[in-house]
Amino acid sequence: MHEFVRREILHAMEGCGSGGSPEDGVRKDGSVPAVPLEHFEQVGFVNWFRNRFPWVMIFAIPNGEHRAITTAKRLKAEGVTAGIPDLYVPEWNLWIEMKRCEGGRLSEDQRSIIDYLRSIGHWVIIGKGAKDASRQVLIHLENKGG
């Protein structure tokens, strides 16, 4: 394993939660959740990814938000599909499903979509927090010779 990749993996393994600044995770009542929310984990991961690989496109698939029923029906008619992973890296044919570092679980829809994507040769990472996702990306790159 390349030394710089090893160092990056070790750095990425240090603890749980690197999603944004402390103010980002503060609730309206002023409390802070014990485990960062998935949103903040994803923000931290995307920031890390864009800093580490500025020449590689990564984008979000925003299909998990709660919406008004009329908006949800319109988006479903346009092709929004339950269970699609949160992020996609086209250059690497890599999908990334983000979860909280503790407590996040895949839905049945997500399991089905991930199984399908893997069956057609796509790579899928399930990141339990920003640090775990970044560690898995580096391992994926090392394994494919990138």
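List of remarks:
- Within segment 101-146, tally of residues that are of a type in the set (D, E) and within 15 Å of the chain's Cα centre (by Cα): 2
- Assessment of segment 92-107 against the conditions (in a helix (DSSP H, G or I), under 21 Å from K131 (Cα atoms) and either free of Cβ contacts under 8 Å to residues at least 60 places away in the same chain or among the aromatic types (F, W, Y) (or both)) yields at least one matching residue.
- Inter-residue pairs, beta-carbon under 6 Å, first surrounded by 20 or more Cβ atoms within 10 Å (Cβ to Cβ) and in segment 37-63, second basic (K, R), 6+ apart: E38/R100
- If you go through segment 45-100 and keep only what is basic (K, R) and at pLDDT 95 or above, you end up with R50, R52.
- Restricting attention to segment 107-146, the residues that are exposed (fewer than 15 other Cβ atoms within 10 Å of the Cβ) and of a type outside the set (V, I, T) add up to 14.
- Verdict on G127 being under 15 Å from E38 (Cα atoms) and among the small types (G, A, S): yes
The values are calculated or read from the model by the stated rules, or taken from the named source; none is laboratory data. Note that the coordinates shown come from a computational prediction; the quantities given were computed from them, not determined experimentally. Neighbour counts are summed over all protein chains in view; Cβ atoms, including those assigned to glycine, are modelled from backbone coordinates with ideal geometry.
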